[in-house]
Each structure stands twice: as structure tokens, then as C-alpha cells.
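Since the structure comes first, as C-alpha cells, the remarks are kept for the end.
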Amino acid sequence: MLDLDDIWSAVRLTLELASVSTIVILVIATPVAWWLARSSARWKEVVATLVALPLVLPPTVLGFYLLIALGPGGPGGWIASLGGGRSLAFTFEGLVIGSTLYSMPFAVQPIRNAFEAFGDRPLEVAATLRAGPWDRFWSVALPLARPGLMTGAVLSFAHTVGEFGVVLMIGGNIPGETKVLSVAIYDYVETLDFTSAHILAGGMLLFSFLVIFSMTVLERRMRRIGR
Amino acid sequence: MLRRASFVFSTLVAFVLAAAAHAGEARVAVAANFTDAAKEIGQVFEAKTGHSVVFSFGSTGTLYTQISQDAPFDVFLAADQARPEKAEAEGYAVKGSRFTYATGKIVLFSMDAGLVKGEETLKAGRFNKIAIANPATAPYGAAAVETLKKLGVYDGLADRIVQGNNIAQTYQFVETRNAELGFVALSQVAAHDKGSRWLVPDDLYTTIAQDAVLLRKGAGNEAAKAFVAFLKGPEALEIKTKYGYGAGD
């Protein structure tokens, strides 16, 4: 009954998915958050709202749209056809796209807050020292926003690990490719393999506790350094 | 004012209670392959008896797990015989109430009109993804795996198989063309002539005999008992035949 390879494969895949998604999310979320924090465009809150939508939307809504968008009739199918496939559904890449959309608000929000927190002052000072816009961003803004970036990264990673509904709808349950932890747990429960379910569920419980606990500790320490 | 309100309220309560005593409600857990047939049978049943019936659809394994955890179902229509048997043995179902309400068939189906020709389609393997239902929880998925193994193509295709959580999701994968083809239930394609299909010959997989049981929660429920009786009757049979099911016992 107990198949450790199966369990390990789900764990490894989940960590891979969460790592790749977190990197993609940070690369996209940082400039978006920067723009949201600095821009005076009146419609920027519309963009902010669009990014934040997955916080409120049921995963099934996202899963439904993704299934169509990733399929042969959507842009995902077009991208897949470049690589000889016909749909991005049921692929690791498809899950990365889904997770990126789904966990994006968890990164954009704290990073934007961090950018807004230090105000205009440090950037103005840097400008008087003849630092160009890129330089100001790289050597002043990013280091100052580090706590926000850390929080965003940890939250996106953790949220991707905990993703279930979207994966269930676009994953196709392929071992080693799309059968992530949460889906594996679901499968074990459905087949009454409670031993395996307990191992994974207990692990997740511990993992989630550690994430939130270390976040709290980290934030405290950061604040103390900040003072 | 207050007294009138309480009078209205108690009258309402009395009405509701009277109605409830008269026509009952049966809560039925149904294997996903039987979705369309069950809905149609339910409509006729409600019109004829005045009872109402509420369906919950899922894979047989999913539903069984829920039943084992005390889900509020009166009747269980599975897609196999093993789970209803187990429900009887474990005491979740009324002893002796089990019967085969239908026998199902699997079909290899594609939305692409020229794709599915027969077993040679599987042997040639000119496709990216083939969808089946999760064989661990859905008997139709297990039948698909059995067929693939018997044809000797399972190992070659293993990394191209995608699994739907139940046969309904499997059909959806094929219908949205995310998978070019898949093993679905005959009942899902019996009502239309879209795409291309191959009715898998009976000798390639064990017949899918689908059993029903009256669950312990439904033992005293008139509506549930009436539904079980109706399921064995001629009107239900007509609907089952229409969706491509065999008669059962």
C-alpha cells in the first residue's frame, strides 16, 4: 500500500513547481509593484485590482479560463504548437502559468508596500548624488525593499505549494509532471489510503507552521534592524 | 402584531411539516458516468411519485470515501460492484439491497472526425495526450487501463496518459480538445454523433457491472425506497437503454 517513491515524486514535483513559479513571480511582480508604488496614473488601481483578483476568485474560475486559454483554441495551444505540442494543459509549464497568476497577488502586495514605505526621500538623495534611474532602482530601492521581497517570495512559494483547485482542473494528474502534493493527498484520501495521506498531510501541516512562524520571526527581526 | 406574526409562523411550520410528511426527499450519490441518465430518470421519477430526488455526482471511489465518512446519502449508484459490496460488508448499506442497475461500456472518443478508427489508432499512437479516468477511483478508468494492457500498448503510451478525476472530467478534457482522444463512457457520447469513436469490444475488458445499494441512512426513507424501486422499473430501463446501458439484473 505504502509507496514512498510515489510520495517522494509528488513532494519533489511540488518543490520544483513552487521554486520555478516563485522566480517567475518575482521577476514579474517587482516591476509591477514598482510601477504601482511610483506611478501617478489614475488607472493604476485598476491594474492593482486585476492583479489582486485571484485572492477573491474561486480557483475553479481561474481553472476554467485557463483550461480554455491553454488549450488548442487559445494562446497556450499556439505556444505549445511551437514546441510540437497542442495544449499547455497537462504540462508542467501550464502549471507554472497557473501558479504564477494564482500566487501573484501574494508577491505584488508586500513588495508594493515596501516600495511605498520608504517614500521619495532616499531616491531624491540618490538623484542629487547623480545616480541614474536604473542605479536608483538597483542600489537604493531594491535593497530597501528587501523585507517586502522576502515576504513576497515566501508567501508565493507557500501559496503555490498549497495550490489545489487550479491544478485539479488543468493538471490531468500525471505522476512526476502534474501530480503535485495536494492532488496526491486528495487521491490517497479518495482511495482510502489514509497512511500515505497522513504522511503527506502531516508534512504539510508542519511545513505551513514553519513558514508562518519563520515569517513572523523574520519580520520582527527586520523591524528591529530597520530602527 | 406579535401574536399575528407567531400565528403566521406556526401555520407556515405546519404546512412545511405536512408537505414533508407527504412527499419525501431522496439524496442519491451517483457515479459520474451515469449523470445524464440519472437526471432524466430523476425527472420522470419526480413527476410520477411527487417525491424529490437530489443527486451528487463524483467518481465511485470519491463517493465511497464520503459514504464511509458518514455523508448524508440515502442511495449509492456506483460504477462497479466492489464498492457497493464493501458498503454492505462494512455496514454502510442495507443488507440484501444490492442489485445491478446497469452495465456500462467504454468508447474511445475524439472530437477530431478522422482520428479514431479502431485499435490501430492506439497502436499507431499519433497523438500527444490520451485521457482516461483515474483508474484507482473510477471503474471506467480501470476498464480503459485493462483495454490498453490487453492491446499491449499501455507501456508505450503510459507517459501520454492524462487522468480525469472522474469520467465526467475525462470527457471534458476530450471535449475541450486539450486531449485529442480518450476513453469515455458510451453514455456520454450516445446522445450525439460528434467526432470519431470506437466502441471497445467486450472481450478487451471486464464488463462494467454497476451496482446500487440502499444506504443505512435511507433505510427508513420512503422516497429513497421508491427511487430504488423505480430504478428497477420499465421507465428507467427505457432511459438507460437510450444512453447505451445494458439492463443489469
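Name every residue in segment B:66-81 that is in contact (Cβ under 8 Å) with a residue 40 or more places away in the chain and surrounded by fewer than 15 Cβ atoms within 10 Å (Cβ to Cβ), in order of residue number. Once the filter is applied, which keeps residues that are in contact (Cβ under 8 Å) with a residue 40 or more places away in the chain and surrounded by fewer than 15 Cβ atoms within 10 Å (Cβ to Cβ), segment B:66-81 yields only B:P72.
Residues are listed down the side, and each one gets a yes or a no for (1) at negative phi; (2) assigned to a helix (DSSP H, G or I); (3) surrounded by fewer than 19 Cβ atoms within 10 Å (Cβ to Cβ):
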residue	(1), (2), (3)
A:A153	yes, yes, no
A:H159	yes, yes, no
A:I174	yes, no, no
A:Y188	yes, yes, no
A:G203	yes, yes, yes
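Applying the set (1) of a type in the set (S, T, Y); (2) away from chain A (no Cβ under 13 Å); (3) in a helix (DSSP H, G or I) to B:T65 leaves exactly one unmet item: (2). Among the residues of segment A:77-98, those that are buried (at least 24 other Cβ atoms within 10 Å of the Cβ) and either of a type in the set (K, R) or more than 11 Å from every other protein chain (Cβ to nearest Cβ) (or both) comprise A:L95, A:G98. In the set B:L237, B:L231, only one residue is surrounded by 16 or more Cβ atoms within 10 Å (Cβ to Cβ) and without any contact (Cβ under 8 Å) to a residue 60 or more places away in the chain; that residue is B:L237. Of the residues making up segment A:90-99, at least one is out of contact with any Ser or Thr (no Cβ under 7 Å at 6 or more places or on another chain) and among the small types (G, A, S). Only residues that are small (G, A, S) and over 29 Å from B:G58 (Cα atoms) were counted in segment B:119-148, giving 2. Can you pull out the residues in segment B:144-178 that are under 25 Å from the mean Cα position of the chain (by Cα) and among the β-branched types (V, I, T)? Within segment B:144-178, B:V145, B:T147, B:I161, B:V162, B:I167, B:T170, B:V174, B:T176 qualify.
Counting only residues that are more than 14 Å from chain A (Cβ to nearest Cβ) and within 24 Å of the chain's Cα centre (by Cα), how many does segment B:94-138 have? Even if it seems obvious, please write down each step before you answer.
Filtering segment B:94-138 down to residues more than 14 Å from chain A (Cβ to nearest Cβ) leaves B:94-109, B:113-114, B:116-125.
Subset that is within 24 Å of the chain's Cα centre (by Cα): B:94-109.
Result for segment B:94-138: 16.
A:G71 versus (1) at pLDDT below 90; (2) crowded, with 20+ Cβ neighbours inside 10 Å; (3) away from every other protein chain (no Cβ under 14 Å): which is the lone unmet condition? Every listed condition holds for A:G71 apart from (3). A:Q109 satisfies every condition listed in (1) within 14 Å of another protein chain (Cβ to nearest Cβ); (2) under 30 Å from A:W35 (Cα atoms) except (1). Exactly one residue out of A:F157, A:F137 is closer than 26 Å to A:P54 by Cα and aromatic (F, W, Y): that is A:F157. Suppose we keep only residues that are within 14 Å of chain A (Cβ to nearest Cβ), surrounded by fewer than 24 Cβ atoms within 10 Å (Cβ to Cβ) and of a type outside the set (D, E, K, R) within segment B:143-167. Which one would you say is farthest from B:A78 (Cα to Cα)? Once the filter is applied, the top-ranked residue is B:L157.
The values are calculated or read from the model by the stated rules, or taken from the named source; none is laboratory data. Here the structure is a predicted model, which is why all the values come from computation and not from measurement. Positions of Cβ are backbone-derived with ideal geometry, glycine not excepted, and every protein chain shown enters the neighbour counts.
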